[in-house]
Amino acid sequence: MILIRLILLLFLSSTSLQLLADNLTITIDGVNAEQELNIRSVLSIQQLNDQEVASPSRLRYLHSLADNEIRTALQPFGFYLPQIKTELSKSEQGWSARYTVSPGKPVLISELDIQLSGAASDDQTFKQLLTKSSLRQGNPLIHSQYEQLKKQLSSLAVERGYFQAKLTRHRVEVNLATYSAAVMLYFDSGPRYNIGEITFAPNPFDDDYLRSYATFTSGDSVQNRSLIDLQSALIDTDYFQRVEVRPLWNQMSDTEVPVYVDLEANKRTKYQLGLGYGTDTGARAKIGMTKRWVNRQGHQFNTQLLTSQILTNLSAEYSIPGQNPRRDRYSILFSLLDEDSDNVETRNYSVGISRQQQRGSWQQVVALNYQQEESTFSGETDTSYFLIPQINYSTISTKNRLHVKNGYSLSAQFRGSSKALISSEDFVQTRLSAKGIYSLNSKFRLLGRAEAGTTWVDNFDALPASLRFFAGGDNSVRGYDYKSLGPRNDSGDVVGGRNLLVGSFEIDYRLKENWGVAAFIDTGNAFDDVEASLHTGMGIGLRWFSPVGPVRLDLAAPLDKGDDNSVHLHFNLGADL
C-alpha cells in the first residue's frame, strides 16, 4: 500500500513539473517601464505569458511577429530604428521568450509649425498653453505630447466659449533618411461666443438675487465651467430640488447666446424630528422647523428644540444673504439653554448677531452676543450678564466628511468682554482645536485630536459655567463622566477652570465594509494653575460606519490612581471631522 502511494505521488509530481515546464516566461530588456508596458500591450505573444503552451508551432509563429511589433510600439516614443534581438528557447524550467532591445537615438523635431487663428489668436490663455507645451523644435518626437496638445486645444476652446473651433491641419511626417520629423498643427478657434440675456424659470425669488450667485454677467464669454458652477451653487442653497443651466444656441444672435436657468423649487417649509441617545446627555429628542425662504430676497428662518435628560435648548436663527450669498451671510440668533447635570447647573439666555464669511478654505464668523446666565455651584446661584464680541475661524479638508480616509479640521475661537460694556467682568478667552485622520491602508486608520484653551480674568468666580472650561465625556476624555474633570470647590464639586488641555490618539480597524473596532487613549483636564494635572483614560470601541456617519460605542476606564476605576460606556454619533 505504501509503495502504491509513493508511485502515485511521484507520478503526480512529475506531471505537475511537466505542466510547469510547458509554461511560457517573457522577458524584455533594454527599455524603461513605460516603454515596456507599451511593448507588452501590442505584443501578440504576451497573451501566452505565464500560460501553458499547448501548441509550440503557434508559439513560434507569434514569436516571429515580435520584431515588427516591438518596432511599432517604440515609435510613439520617437524611436524608429531600434536594434532588437529575439530568442525563444525551451528548458526544464519551461519556455522562455527573451527580447533585448536597444532603442537607439530618438527622432528629433526639425520643423515645428503651430498656427493659431480665429478670435483665440488674441487670447492670452491659449498663448500660455502653447508656451507650456513640451513640443519644441530640437526635442525628441514623443507622439503622446502631440496628441495631448491637440486635446488641450479642443478642451480649452469649449471651456472658453469657442464652440466652432477645429483643427484644420494636423500631421506628423518622419523622414528616416534624415532621421528627423516635421510637425504641423493648425487650429482655428472661430468666433468667441458671449452670454446674452440671463433668464430664470418662474420661481419664488427675485431674478437679481439669483443672478448674484453667478460669477458671470451678460457680455462675458460663454464658459461651460461657469455655467456648471452656477448650477452647483443654486443646488447648494437648498432652495431648489432641480436646477439646469443651459445656453440657448437656437436663439443665438450673432455671437450673443442667451442663458436659461430652469428651476424647480423645494417645499418652502422643512420639518425635523429626531430621537437618540448619548452617554453625555442620556435620551434625547430634536424637533425643528426650517423656512427655506421667507421672502423673495432669500431670507431664511429656522428654529429647533433639543431636549435630553440633562439639557434643554431652544434656539432660533434668522439669516440674511450678503452681497455675495455664496460666501457672505448675516444672522440674528436667539437661544435659551437649561443644563442640569451631575456637575453643572446653569440657565442661559442669549441674543446676538453674526456675520459668516468664506475666506478661501476658511470660514470666518464674527459675532456679538448678549447673554444672561444663572449658574449654581454647591447650592449657591449667581447671576451674570455679558456683552461678548467673538470671532471664530474653522476649516475642514477631506473628500468625504461622512466617511473620512484622510483629512483634518482646525478651529480657533477668540472672545471677551468688558465691564465698561454691559458686562459683569472683564475677560479674554481663546480656544483652539485640531483633528486629523490618516489611513495606513484600506483597513487601518490613525485618528488624533487636540484641544487647548485659556482665559485671562481677574475674578474667575464672576464667570458663569458657559465661560469656564470642563473636561471629561464622549468628546473629551473618555473613561470619565461628562464635565467631571476640572478644579473643585471646598465641597468637592467641579466648578470648571481657566485653562483646558485635552489630547487623544486612536487607531481603528475595518472588519467589514460597515463595521470596525478601535483602541484609544485620551488625556486632559481643565485647570487653573500653569502646571496641569492630566487625567488619562484608555479603552476599546466598536464602530458602525452608517450612511449618516460613524456610530461609536466605547468602553473606557481611568488609568490614574485615586480616580474611580470603573469602566465607563460612551455612545456617540457624528462625523469624524
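The values are calculated or read from the model by the stated rules, or taken from the named source; none is laboratory data. Nothing here was measured: the structure is a model prediction, and the numbers come from that model. As a convention, Cβ positions derive from the backbone with ideal geometry for all residues, glycine included, and neighbour counts pool all protein chains shown.
Some observations on this one:
- Subset of region 233-280 that is of a type in the set (S, T, N, Q) and under 30 Å from residue 554 (Cα atoms) - its residue that is modelled with the lowest pLDDT: 279
- Of all residues in region 200-226 being out of contact with any Leu (no Cβ under 9 Å at 6 or more places or on another chain) and of a type in the set (Val, Ile, Thr), the one that is nearest to residue 125 (Cα to Cα): 222
- Unique match (being buried (at least 20 other Cβ atoms within 10 Å of the Cβ), of a type outside the set (Asp, Glu), within 22 Å of residue 178 (Cα to Cα) and at pLDDT 90 or above) among 146, 99: 146
- Tally of residues being of a type in the set (A, V, I, L, M, F, W, C), buried (at least 16 other Cβ atoms within 10 Å of the Cβ) and under 27 Å from residue 214 (Cα atoms) across region 310-353: 1
- Scanning region 293-351 for residues that are small (Gly, Ala, Ser) and either under 33 Å from the mean Cα position of the chain (by Cα) or modelled with pLDDT under 95 (or both) returns 298, 308, 315, 316, 319, 322, 331, 335, 341.
- Counting only helices (runs of 4 or more DSSP H) that sit completely within region 55-137, those holding 1 or more residues that are not assigned by TED's automatic domain parsing to the domain that holds residue 22 correspond to 124-132.
- For region 392-406, residues that are closer than 24 Å to residue 513 by Cβ, among the β-branched types (Val, Ile, Thr) and either over 9 Å from the mean Cα position of the chain (by Cα) or not in a strand (DSSP E or B) (or both) total 1.
- Of the residues contained in region 67-83, none is found to be under 47 Å from the mean Cα position of the chain (by Cα), of a type in the set (Asp, Glu) and farther than 29 Å from residue 148 by Cβ.
- Scope region 538-562; condition aromatic (Phe, Trp, Tyr) and buried (at least 20 other Cβ atoms within 10 Å of the Cβ); matching residues: none
- Checked against (1) under 23 Å from residue 486 (Cβ atoms); (2) buried (at least 18 other Cβ atoms within 10 Å of the Cβ); (3) polar (S, T, N, Q), residue 409 passes all but condition (1).
- Residue selected from region 280-292 under the condition assigned to a strand (DSSP E or B) and under 30 Å from the mean Cα position of the chain (by Cα), by the criterion nearest to residue 568 (Cα to Cα): 286
- Candidates 295, 224, 302, filtered to the one that is of a type in the set (S, T, N, Q) and free of Cβ contacts under 8 Å to residues at least 12 places away in the same chain: 295
- Yes/no for residue 520 being surrounded by fewer than 20 Cβ atoms within 10 Å (Cβ to Cβ), within 32 Å of the chain's Cα centre (by Cα) and among the aromatic types (Phe, Trp, Tyr): no
- Scanning region 19-49 for residues that are within 15 Å of residue 75 (Cα to Cα) and either of a type outside the set (Gly, Ala, Ser) or not in a helix (DSSP H, G or I) (or both) yields 31, 32, 34, 35, 36, 37, 38, 39, 40, 42, 43.
- Residue in region 153-170 that is at positive phi, assigned to a loop (DSSP other than H, G, I, E, B) and touching a Lys or Arg at 6+ places or on another chain (Cβ under 6 Å) present: yes
- The condition of being at negative phi, surrounded by fewer than 18 Cβ atoms within 10 Å (Cβ to Cβ) and acidic (Asp, Glu) does not hold for residue 474.
- Of all residues in region 474-507, those being touching a Phe, Trp or Tyr at 6+ places or on another chain (Cβ under 7 Å), within 24 Å of residue 574 (Cβ to Cβ) and of a type in the set (S, T, N, Q) number 1.
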